[in-house]
């Protein structure tokens, strides 16, 4: 169910939505970013991030594993970057989006801690 303040930016997990503080981190759709839950699932994404990754703005990726969006050869690097970000280290990971867009196209994501609770902020650069 959409969050009353932000529409598509809410993520229901067993009936509870992301905190208002977490949602505010990505409320500005002009910044290509999103949040990853402590368990590695996508919590929420800005429309701009969806578009930059080759998805439609109306696509709902919430609840899907972060590492599942890329080719299996890239998943170990993404999982390690996510682990390091949870530990407080800002990390960068290059991921091949070729299988999404149908052509070889790499992007770089910056992953950083989103505060207590193990959430991670991802920003496309």
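The values are calculated or read from the model by the stated rules, or taken from the named source; none is laboratory data. Everything numeric in this text was worked out from a predicted model, so none of it was measured. Note that each Cβ is placed from the backbone with ideal geometry, even for glycine, and that neighbours are counted across all protein chains shown.
Counting only residues that are part of a helix (DSSP H, G or I) and in contact with a strand residue (DSSP E or B) (Cβ under 8 Å, 6 or more places away or on another chain), which one in region 50-67 is surrounded by the fewest Cβ atoms within 10 Å (Cβ to Cβ)?
Per the stated criteria, the residue is 52.
Quick one: is residue 109 closer than 18 Å to residue 31 by Cβ, modelled with pLDDT under 95, out of contact with any strand residue (DSSP E or B) (no Cβ under 8 Å at 6 or more places or on another chain) and not in a loop (DSSP other than H, G, I, E, B)?
no
Criterion first (surrounded by fewer than 19 Cβ atoms within 10 Å (Cβ to Cβ), at pLDDT 85 or above and on the phi < 0 side of the Ramachandran plot) does residue 28 satisfy it?
no
So is residue 95 in contact (Cβ under 8 Å) with a residue 24 or more places away in the chain and out of contact with any helix residue (DSSP H, G or I) (no Cβ under 6 Å at 6 or more places or on another chain) or not?
Against the criterion (in contact (Cβ under 8 Å) with a residue 24 or more places away in the chain and out of contact with any helix residue (DSSP H, G or I) (no Cβ under 6 Å at 6 or more places or on another chain)), residue 95 does not qualify.
Hey, any hits in region 92-104 for a residue that's within 23 Å of residue 30 (Cβ to Cβ), modelled with pLDDT of 85 or more, part of a helix (DSSP H, G or I) and touching a strand residue (DSSP E or B) at 6+ places or on another chain (Cβ under 9 Å)?
No, the conditions are met nowhere in region 92-104.
Just the residues that are within 20 Å of residue 38 (Cβ to Cβ) and either in contact (Cβ under 8 Å) with a residue 24 or more places away in the chain or buried (at least 19 other Cβ atoms within 10 Å of the Cβ) (or both), please, taken from region 71-86.
Of everything in region 71-86, those that are within 20 Å of residue 38 (Cβ to Cβ) and either in contact (Cβ under 8 Å) with a residue 24 or more places away in the chain or buried (at least 19 other Cβ atoms within 10 Å of the Cβ) (or both) turn out to be 78, 79, 81, 82, 84, 85, 86.
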